[in-house]
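Below is one structure, written out as structure tokens; comments come after it.
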Amino acid sequence: MKITNETLATQLNHRSIRAFAKKPIAKEQLTAIYEAARHTSTSQFLQQFSILRITDEAKRKAISEIAKQDYVGGNGELLIFLADLNRNAKIRQHLGQDIARLQTADLFFQAVNDTVLAVQNALLAAESMGLGGVVLGSINNEPKKLVTVLELPQLTYPILGLQLGHPAQSPQLKPRLPLEFTVFDDKYPADFSLAEFKDYDKLVHQYYDLRDTDRRVDEFTTQIGSKKLAAHKSSRDEIMAAIQDQGLCLD
């Protein structure tokens with residue numbers, strides 16, 4: 001028997017929305033999204049994330065240029081989710097305590113976990129209200145520039161962006177990897193053959209073939225084998241330096 005309910009239906013119907021109507025998200029909806037993020041699971045109850053709502057047009061334009069995506073900063077809300085160790089550092093300093101642990105990779109990655117989970121909760125909350133959204137890893141195309149644009153203090157770092165709004169498109173569901181490739185009992189498989197991906201490649205090929213925008217026809221394995229994962233220099237390679245410039249991961 002297939003299990004279904006309203007929450008599962010929302011999750012299984014997820015698709016990235018990149019075109020939004022020129023209609024504002026109601027204040028009450030935005031507050032509900034913030035509350036969903038606020039109630040996300042958090043490592044050690046440290047609550048190491050914050051949200052920047054970007055309303056300044058100059059900043060929205062600068063972030064769009066960094067992301068190299070026109071829809072970023074367009075219609076709808078642009079939220080930047082921060083790994084935030086600054087708040088707890090300030091608390092410790094007020095209490096006369098050192099902040100050394102907050103500058104370790106361990107605590108930073110705990111903050112990253114908090115932040116990513118909050119993004120997912122926020123997006124699910126938005127989708128449950130009939131809104132749409134897209135997660136923006138592209139904000140880190142130019143990490144150091146982004147930190148400057150956002151005027152971030154030490155011990156904070158932008159992990160992901162989230163563009164939310166009223167959908168102005170209804171894209172197809174993109175076929176995800178079947179469970180046999182992502183769920184294993186007790187032990188990770190030692191190896192697999194490329195031929196095992198044949199049926200999934202056909203699904204992905206069909207998805208791109210039928211999609212009404214961006215006429216690329218492609219398969220999953222050919223994407224993984226493409227030049228985007230080949231050895232090359234990228235502005236995103238500055239991420240670790242930008243993180244350390246923020247006083248994080250110093251161990």
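The values are calculated or read from the model by the stated rules, or taken from the named source; none is laboratory data. Everything numeric in this text was worked out from a predicted model, so none of it was measured. So basically every Cβ, Gly included, is an ideal-geometry build from the backbone, and we count neighbours across all protein chains shown.
A few remarks follow.
- Hey, E219 touching a residue at least 12 places away in the same chain (Cβ under 8 Å), surrounded by 13 or more Cβ atoms within 10 Å (Cβ to Cβ) and within 23 Å of the chain's Cα centre (by Cα) or not: no
- Looking only at residues of the range 104-156 that are touching a helix residue (DSSP H, G or I) at 6+ places or on another chain (Cβ under 8 Å) and acidic (D, E), we find that the one that is farthest from D84 (Cα to Cα) is E127.
- Test result for D114, part of a helix (DSSP H, G or I), more than 24 Å from H14 (Cα to Cα) and assigned by TED's automatic domain parsing to the domain that holds P167: no
- Residues located in the range 93-138, provided they are over 19 Å from L248 (Cβ atoms) and either modelled with pLDDT under 95 or in contact with a Ser or Thr (Cβ under 6 Å, 6 or more places away or on another chain) (or both): N121, E127, S128, V134
- Residues of the range 222-240 classified as under 20 Å from the mean Cα position of the chain (by Cα) and under 28 Å from T148 (Cβ atoms), total: 8
- When residues of the range 29-84 are limited to those that are touching a residue at least 40 places away in the same chain (Cβ under 8 Å), polar (S, T, N, Q) and part of a loop (DSSP other than H, G, I, E, B), the one surrounded by the fewest Cβ atoms within 10 Å (Cβ to Cβ): S41
- Scan of the range 108-151 for residues that are aromatic (F, W, Y) and buried (at least 17 other Cβ atoms within 10 Å of the Cβ), ordered by number: F108
- Selection within the range 132-178 - of a type in the set (S, T, Y) and more than 22 Å from I239 (Cα to Cα): S170
- Candidate set: the range 85-107, residues that are loosely packed, with under 15 Cβ neighbours inside 10 Å and of a type in the set (A, V, I, L, M); chosen: the one nearest to L123 (Cα to Cα): A105
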